[in-house]
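First up is the structure itself, then whatever we jot down about it.
The values are calculated or read from the model by the stated rules, or taken from the named source; none is laboratory data. Every value quoted in this text rests on a predicted model; they were computed, and no experiment measured them. Reconstructed Cβ throughout: ideal geometry from the backbone, glycine too, with neighbour counts over all protein chains shown.
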């Protein structure tokens, strides 16, 4: 059984690009994250990857490749 809070073993992140813009007065931030992931052995049953984002609002997401 796989852990639903972990990436699958065949999905290997190799680069993270994080850009944050803090709003110190409001105690919030906005920004972007780009995650580069190599898929070592494609699994035909894999139809997506779940990323955790506790207490964050995601405005858009894309997958290229």
Scanning the range 39-62 for residues that are within 12 Å of residue 7 (Cα to Cα) and under 13 Å from the mean Cα position of the chain (by Cα) gives 48, 49, 50, 51, 52
Residue selected from the range 9-42 under the condition part of a loop (DSSP other than H, G, I, E, B) and either touching a strand residue (DSSP E or B) at 6+ places or on another chain (Cβ under 9 Å) or loosely packed, with under 10 Cβ neighbours inside 10 Å (or both), by the criterion modelled with the lowest pLDDT = 42
Specify which of the listed residues (10, 19, 36) is without any contact (Cβ under 8 Å) to a residue 40 or more places away in the chain and under 11 Å from the mean Cα position of the chain (by Cα).
-> 36
